[in-house]
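Some notes on the structure that comes next.
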Amino acid sequence: MWEAQIACSECDATHQVHAELKPRAFSFECPATGAAVNLPFHDPSRLVSEWREVDCLGPGSIPASTAETRGKFEL
């Protein structure tokens with residue numbers, strides 16, 4: 001399991017987010033407002049702490065949804 005701290009653009013708080021695989025792009029549901037927050041891979045500015053592999057999740061960790069683990073490249 002992977003976990004990171006994210007600065008939420010919806011409520012300006014910091015949330016702990018987790019994913020099964022280390023994602024490049026993902027979204028999550030803000031616990032304060034219930035709105036979907038998208039983090040595209042080309043905008044890592046809201047990543048407070050890097051993704052790290054953990055054995056157990058922190059309290060209140062939010063699941064990342066629609067996680068994209070691979071980027072798309074053009075030749």
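The values are calculated or read from the model by the stated rules, or taken from the named source; none is laboratory data. Keep in mind it's a predicted model, so treat the numbers as computed, not measured. A quick note on method: Cβ atoms are made from the backbone with ideal geometry, for glycine too, and the neighbour counts reach across all protein chains shown. Ligands, DNA and RNA are stripped out before the accessible areas are found, and what is left, the full protein with its side chains, is counted by its heavy atoms. Shrake-Rupley method; radii C 1.70, N 1.55, O 1.52, S 1.80 Å.
Kindly check whether there is at least one residue in region 42-54 that is free of Cβ contacts under 8 Å to residues at least 40 places away in the same chain and open to solvent by less than 20 Å² (accessible area, probe 1.4 Å). Checked against the condition, which is being free of Cβ contacts under 8 Å to residues at least 40 places away in the same chain and open to solvent by less than 20 Å² (accessible area, probe 1.4 Å), region 42-54 yields no hits at all.
Note on region 2-41: residues that are of a type outside the set (S, T, N, Q), open to solvent by less than 70 Å² (accessible area, probe 1.4 Å) and not in a strand (DSSP E or B) total 8. Filtering region 29-50 to residues that are touching a Pro at 6+ places or on another chain (Cβ under 9 Å) and under 10 Å from H15 (Cβ atoms) leaves only E29. Restricting the first member to region 20-35 and to residues that are among the polar types (S, T, N, Q), and the second to residues that are part of a strand (DSSP E or B), the beta-carbon pairs closer than 7 Å and six or more apart or on different chains are S27/A36; S27/V37; S27/N38; S27/L39; S27/S65; S27/T66. Among the residues of region 59-72, those identified as at pLDDT 90 or above and surrounded by 11 or more Cβ atoms within 10 Å (Cβ to Cβ) are S61, I62, P63, A64.
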